[in-house]
Structures are given as structure tokens and as C-alpha cells.
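Here's the structure, in C-alpha cells; my notes come after.
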Amino acid sequence: MGVKFFGQYLIEKGVVDSDQIRAALKLMDEENRSLGELAEAGGILTAEEAAKVNAQQRHCDIPFGELAVEMGLLSEEQVEYLVGFQEQTRLRVGQALVRLGCLPNARLLQLLVQYENEQALFRIGNVALPDGLQKNPLASIVLDLFPKLLVRIARIGVRIGKGQASSQIPQFPVRLGVSVKGDAGLLIALLGDEEFSLQLAGATGGFDEARLEAARRNPALLADGVGEFLNVLAGNAMGILERKRIITELEPPHPNPTLASGYLFDLAVSVGSAALYLQPR
């Protein structure tokens, strides 16, 4: 048993197939809107104001609503209303499958209980750092920031499994790393398939359809987009360390990093497949 999303769990149980999950995810993407999109739709923010908040989020670990309040664009009452509305109207994968006629509602409730019981081990609060990373303050910050930034920037949901020392590294087509030098030195490597990497690179780089198609054909362009996400992740983590007076230095992203004596974290992602690798320096 490993970390997984509910959709993956349903496929493994033979309840639905991958085509049905893709249809459910498409329906969710069409209906579920971010806080910024809801604020735009309600006439509370302009598109330009929402874009300013999104751009600022690349440099700080602050939720959209809280940051918009800091920037004087939203009131706390407006954010509270938007968050409540978003939660009440959010379509989840199980509900989408029921609406598409792929799964009876009663069976959905039964499967949700089974899934939550099996996945309790992998909830963020229950996943401890491996012994080799416990003395590295940067590692814990990266693991905390990674799922937040992945959702915020690329709208990719993620669950992080237990990190394990492993000599068997998954052979994903895209492998990028950034090295942080200093007292909390760490190699941060992200490995992904084409579907995951395109989604991440496109969102991070603001690719239009033409540039996405070019990235599909050009591995270097795809790697640049994934590398930019790693820069954002490492930069935010280093900023937190700097406030603790721990100074580090970031090296440029590099493809196909040498992965040895580090820890592989199994990821369940909502788009494609990926893994995270952390190696003390």
C-alpha cells in the first residue's frame, strides 16, 4: 500500500477505469474555481488585481486571500465569504463520478471510508522526516512548501509518501535538480512524466497552447519550465531560513542530477506521475 489519490485508489480497486477518472477530472476543472477566479466573477477583483496577487505568491508562502488583504485588495470579510463559497461549491472526484453515472452514491460513501482509513498513515502530520534529513532545516521547509506551491502555481494536487533511502530511482523522462549550498545544504530534485511536467512547466512559465506544444517537442524548453518551479520552491524555502539567520546560496537548475545517498519521496499527484528526491549536501 502506498500514498495515492482517491481516483487512483478507485482504479486499483477496479471500481472505475482511467478514462472515467479523466472525465471526472475534466468536469472538476471546468467547475472548480480558484479564490481569485471567484473574486473576479463576483466583481470584487479585476483580472489585473488577481494577477498581481498570483504573481506575488511566487515570492511568499501566503494564501491568496490573506495576501490580497495585505495588499489592500480584499477585506477579511470578503475573503471569509469567498473561502466559504468555494468550499461549499467545490466538486470532488467522487461527486463528479456520481454525476457522470460511473458510481452509485451509496457505494461512493462506502469507498471513501475505506480509503480514508488506509491513507491515514500518509497524512501530512503523520509523515516524519527520515533520520538522515531530520537535522536539515531546509528539508522540512521544502516538504511543507512543496504541496502548497504545486497547487497554487500549477493546480496540481499532491500527497507525499514516506521518504526512504533508495538506490532504485524511477526512470521518469524529466529529471531536474537545484542545489542549495550552505549550513543547510540540500539537493532538491523533481522527477516527472510528460503529463505532469507539461502541466507544471506550462503553469510556471505561463505557456500558451503554442508554447506548450513546442515544449512537448523540445525537452530543453520543458526542463526550463520545471526548473523555474524548483527555483520558486527553493527560493521561498531559503527566504524562511534567512529569517532564521541561516544563509544559503542557490545554484542554477541542472538536468539529470546525480542522485545518491538521498531520500526518495513517493508522490501521488492529480496530474501524471512524479517523485521528489532530497539529498543533504
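Take the residues in region 247-259 that are touching a residue at least 24 places away in the same chain (Cβ under 8 Å) and in a loop (DSSP other than H, G, I, E, B), then tell me which one is nearest to residue 135 (Cα to Cα). Per the criteria, the residue is 247. Among the candidates 123, 155, 159, 175, the residue that is open to solvent by less than 70 Å² (accessible area, probe 1.4 Å), within 23 Å of the chain's Cα centre (by Cα) and at pLDDT below 90 is uniquely 159. Of everything listed in (1) modelled with pLDDT of 90 or more; (2) of a type in the set (Asp, Glu); (3) within 30 Å of residue 239 (Cα to Cα), the single unmet condition for residue 17 is (3). The criterion of being without any contact (Cβ under 8 Å) to a residue 40 or more places away in the chain, among the acidic types (Asp, Glu) and open to solvent by 40 Å² or more (accessible area, probe 1.4 Å) holds for residue 228. Among the residues here, residue 266 does not qualify as open to solvent by 10 Å² or more (accessible area, probe 1.4 Å), closer than 30 Å to residue 22 by Cβ and assigned to a helix (DSSP H, G or I).
For region 56-165, the helices (runs of 4 or more DSSP H) that sit wholly inside it and include 3 or more residues that are charged (D, E, K, R) are 76-89, 105-119, 137-154. Residues in region 30-46 that are of a type in the set (D, E, K, R) and either more than 14 Å from residue 89 (Cβ to Cβ) or more than 20 Å from the chain's Cα centre (by Cα) (or both): 40 only. State whether one or more residues within region 258-272 are of a type outside the set (Asp, Glu), on the phi > 0 side of the Ramachandran plot and touching a helix residue (DSSP H, G or I) at 6+ places or on another chain (Cβ under 9 Å). Yes, that holds for at least one residue.
The set of residues from region 80-117 being surrounded by 14 or more Cβ atoms within 10 Å (Cβ to Cβ) and of a type in the set (Gly, Ala, Ser) comprises 94, 96. Residues that are open to solvent by less than 60 Å² (accessible area, probe 1.4 Å), in a helix (DSSP H, G or I) and under 15 Å from residue 73 (Cβ atoms) within region 27-44 comprise 35, 36, 38, 39, listed in sequence order.
The values are calculated or read from the model by the stated rules, or taken from the named source; none is laboratory data. Bear in mind the structure is a predicted one, so any value in this text is a computation, not a measurement. Cβ coordinates were reconstructed from backbone atoms using ideal geometry, including for glycine residues, and neighbour counts include every protein chain displayed. To get the accessible areas, we keep the full protein, side chains included, count just its heavy atoms, and leave off ligands, DNA and RNA. Shrake-Rupley method; radii C 1.70, N 1.55, O 1.52, S 1.80 Å.
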